[in-house]
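Data first, discussion second: the structure below is written as structure tokens.
The values are calculated or read from the model by the stated rules, or taken from the named source; none is laboratory data. Quantities reported herein were computed from a predicted structural model and do not represent experimental measurements. Cβ coordinates were reconstructed from backbone atoms using ideal geometry, including for glycine residues, and neighbour counts include every protein chain displayed. For the accessible areas, the whole protein counts, side chains as well, though only heavy atoms, and no ligand, DNA or RNA atoms are used. Shrake-Rupley method; radii C 1.70, N 1.55, O 1.52, S 1.80 Å.
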Amino acid sequence: MQLETYISDLLYRYECVTIPEFGSFLTQRVSASINNATNTFSPPKKAVSFNEQIQKNDGLLAHYIADVEKIPFEIATKKIAKRVKTLKAYLTQGETLTFNNIGEIVFNSEGKILFEPSYHLNYLTDSFGLSQFVSPSITREVYKDAVETIEKVVPITVTPEKRKTRPYLKYAAVALIALTLGGFTASNFYVNQIEAQNQIAQEDAMQQLDTKIQEATFSLNPLPAITWNLTKQTGNYHIVAGAFRVEENSNKKVQQLKALGYNARTIGANKYGLHEVVYASYENGKDALKAIREIRKTHNKDAWLLVKKLD
């Protein structure tokens, strides 16, 4: 039984997932952060930790396994207990327990459990699709210093004496203004002429169109009925491929997945206004779990399972 897969699925929706008689995985929301040394921006996330003191069976894990594998709750509980016995034996032998996409557990020299979290998955659904990025440093001050240096070396001044020695510039400016006004007047004249010709041509075209419409006779034949065979996807288990702020981008993603052979579709916008795209929807959790393992292995390791009843 791949216990870590079930735990990973539950960590998206719950803040505490308990393995009876072993311990609990806890999640805590962490705000977005900036590393000033590397200029790295990290999105909000769920930080995962482990507490071996919380071992009481709350039924969450067993109920989920029973629902996915379609087995009674009691059998799911026994399977968990058997797995816990094996895990404790491995720890006693000094081996490291690896929970994929969650973290590693090992005994220290004092016989206490040490947990090292994994950061491969962000279990905060609000941050789905967001990843770290590095922004280059801003160097505005460097350019400012360079300009100040140039101004010191090449000062630019305009003195009254120089203006007096060039009186012809004043007459050139007056001539330029006169030419501009004359050109503007001529331009308005030609524009008005063109608009008048366009108006006459438009009225003539409309008159000819009215004549053609009055003389035309239309014969409408009924079109043959077309029957479409559509297969509607049903089920409450959806394998999410992505969520997009712009609906057009979600439609493009659906077309890309369909080209790869997936039965992709959109399932509408979530409560955050993001348009969700799924690889497919399934009637039972066992089929959905089998499909998501294959998708994570061959196409998208960040795909996740959404259990939701659609309207």
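Test Ala269 against the criterion of being buried (at least 16 other Cβ atoms within 10 Å of the Cβ) and not hydroxyl-bearing (Ser, Thr, Tyr), and give yes or no. For Ala269, the condition - buried (at least 16 other Cβ atoms within 10 Å of the Cβ) and not hydroxyl-bearing (Ser, Thr, Tyr) - is not met.
Does Asn108 meet the test of being farther than 18 Å from Glu4 by Cβ, over 35 Å from the mean Cα position of the chain (by Cα) and modelled with pLDDT under 90? Answer is yes for this residue.
Residue count for the range 95-114, restricted to those that are buried (at least 17 other Cβ atoms within 10 Å of the Cβ) and in contact (Cβ under 8 Å) with a residue 24 or more places away in the chain: 5.
Quick grid of which residues meet (1) open to solvent by less than 20 Å² (accessible area, probe 1.4 Å); (2) closer than 23 Å to Thr298 by Cα; (3) out of contact with any Lys or Arg (no Cβ under 6 Å at 6 or more places or on another chain):
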{"residue": "His238", "(1), (2), (3)": "yes, yes, yes"}
{"residue": "Glu247", "(1), (2), (3)": "no, no, yes"}
{"residue": "Lys253", "(1), (2), (3)": "no, yes, yes"}
{"residue": "Ala259", "(1), (2), (3)": "no, yes, yes"}
{"residue": "Ala264", "(1), (2), (3)": "yes, yes, no"}
{"residue": "Gly273", "(1), (2), (3)": "no, no, yes"}
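Restricting attention to the range 50-74 and to residues that are assigned to a helix (DSSP H, G or I) and in contact with a Gly (Cβ under 7 Å, 6 or more places away or on another chain), the residue that is surrounded by the fewest Cβ atoms within 10 Å (Cβ to Cβ) turns out to be Asp67. With respect to Thr18, determine if the residue is touching an Asp or Glu at 6+ places or on another chain (Cβ under 6 Å) and of a type outside the set (A, V, I, L, M, F, W, C). Answer is yes for this residue.
With the condition kept exactly as written, say whether any residue in the range 75-94 is within 25 Å of Thr125 (Cβ to Cβ), open to solvent by 50 Å² or more (accessible area, probe 1.4 Å) and among the hydroxyl-bearing types (Ser, Thr, Tyr). No, the conditions are met nowhere in the range 75-94. Is there a residue in the range 19-27 that is outside any helix (DSSP H, G or I) and open to solvent by 30 Å² or more (accessible area, probe 1.4 Å)? Yes, the range 19-27 contains a residue that is outside any helix (DSSP H, G or I) and open to solvent by 30 Å² or more (accessible area, probe 1.4 Å).
Please work out if Lys82 is at pLDDT 90 or above and more than 22 Å from Leu11 (Cβ to Cβ). Considered against the rule, which asks whether it is at pLDDT 90 or above and more than 22 Å from Leu11 (Cβ to Cβ), Lys82 comes out as yes. Filter the range 280-311 for residues that are touching a helix residue (DSSP H, G or I) at 6+ places or on another chain (Cβ under 6 Å) and in a strand (DSSP E or B); which is least open to solvent (accessible area, probe 1.4 Å)? Only one residue fits best here, namely Leu305. Scan the range 28-49 for residues that are exposed (fewer than 14 other Cβ atoms within 10 Å of the Cβ) and assigned to a loop (DSSP other than H, G, I, E, B) and jot them down. Hits for the range 28-49 are Ser31, Ala32, Asn36, Ala37, Thr38, Asn39. How many residues does the range 115-127 contain that are under 20 Å from Tyr6 (Cβ atoms), open to solvent by 30 Å² or more (accessible area, probe 1.4 Å) and under 23 Å from the mean Cα position of the chain (by Cα)? Qualifying residue count for the region: 3. Scanning the range 255-302 for residues that are modelled with pLDDT of 90 or more, acidic (Asp, Glu) and over 18 Å from Asn236 (Cβ atoms) turns up just one, Glu294. The C-beta contact set for the range 1-28 (first residue over 16 Å from Gln53 (Cα atoms) and in contact (Cβ under 8 Å) with a residue 60 or more places away in the chain, second residue charged (D, E, K, R) and surrounded by fewer than 18 Cβ atoms within 10 Å (Cβ to Cβ), distance under 8 angstrom, 6+ apart or interchain) comprises Met1/Lys79; Met1/Arg83; Leu3/Arg83; Thr5/Arg293.
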